[in-house]
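Data block below; observations after.
The values are calculated or read from the model by the stated rules, or taken from the named source; none is laboratory data. All figures in this text were calculated on a predicted structure; none of them were measured in a lab. Because the Cβ atoms are built from the backbone with ideal geometry, glycine has one as well, and the counts that use them run over all protein chains shown.
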Amino acid sequence: MCFFTISQKVGEFVKKFHFVLFAFFLTSDMDTNRSMIKVILIGDSAVGKSSLVCQLIDQSFDDSKEATVGAAYVSKSFSTQNGSLELHIWDTAGQERFRSIIPLYSRGCSAALVVFSVDSKDSFDHIPEWIEVLKDTCDKNCKIYIVANKIDLGETALVNEAKKYSEECGFQFFISTAKEYSSVEKIFQQVAEDLSQYETFEPSPLSASSKRNEEGSTNATCC
C-alpha cells in the first residue's frame, strides 16, 4: 500500500473522529436545553438536503454546492399558533462512509425529514433504510416527513408512489424545490407547527435570529 493511500485513510479517520467529537459535545449540550428542538435531514447524497437548508437560511440556491461532509448545523425560529419555536436543524451527509456516525446526529430528534430526489429511484428505494437508522435514536414521538425534492426537474413518476408509501406508513409527505424559498419554508413551518403542539419549550434568547454553524462542508416496507 503506497504512502499516499495510508495518509488518505489516516486523514479520513481523523476527520471522522473529529465529527464524532463535535456531534457528541454539541448534541449533549442541546439535549439539556428543552428550548432547543432538534430536527434532522437524512437521505442519500446529492438529493438536495444542503440546498434545502441554504434556501431556508440564506434564501439562496447554488447548483454547484458540494456534498456535505459529516454534518452541518443551523438554527431558525418560527412563529406558530402556540408561540415562537426555535428549530435546531442538522443537515447530514448521505455518503456511505458517514453512515455509521449518523446516529450521533439523530439522537434525541423531535422530527426527521427523509429526503429523496424525484429523478433518482435509488434515493426513493433507500427511504426504509434511512428510517431504520432513526428507529433507535430519535425520540419515541419523533415525527417523520418524506420530502420529494427537485420537483422543478419535472420528473413526476415517483411522486405518486412516494405519496402512497407515506400515507401507508403514517408520514406526512411534501414535494419541494430548493430553488424556491416558499416551497422550503412551507415544510419547516409545518414541522414547527406540529412540534409546537406537544413540545415543552421556553422563549429562546435567539428567537429573533437564525444562525449557521457548519462543521466541515464540501458538497418498500414501513417502519
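Counting just the residues of the stretch 113-130 that are of a type in the set (Val, Ile, Thr) and closer than 15 Å to Ala93 by Cβ, which one comes out surrounded by the fewest Cβ atoms within 10 Å (Cβ to Cβ)?
Filtering first and then ranking leaves Val114.
One line per residue, one yes/no per condition, for (1) under 18 Å from Val47 (Cβ atoms); (2) part of a loop (DSSP other than H, G, I, E, B):
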residue: Ser100; (1), (2): no, no
residue: Cys109; (1), (2): no, yes
residue: Ser123; (1), (2): yes, no
residue: Trp130; (1), (2): yes, no
residue: Tyr145; (1), (2): yes, no
residue: Asn160; (1), (2): no, no
residue: Glu168; (1), (2): no, no
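If Leu56 passes every condition in (1) at pLDDT below 95; (2) in contact with a strand residue (DSSP E or B) (Cβ under 7 Å, 6 or more places away or on another chain); (3) part of a helix (DSSP H, G or I) but one, which one does it miss?
The one condition Leu56 does not meet is (1).
Could you check Tyr145 against (1) modelled with pLDDT under 90; (2) of a type in the set (Phe, Trp, Tyr); (3) surrounded by fewer than 22 Cβ atoms within 10 Å (Cβ to Cβ) and say which number it fails?
(1)
Can you say whether Ser209 is farther than 26 Å from Ile102 by Cβ and either at pLDDT 95 or above or part of a helix (DSSP H, G or I) (or both), as far as the supplied structure shows?
no
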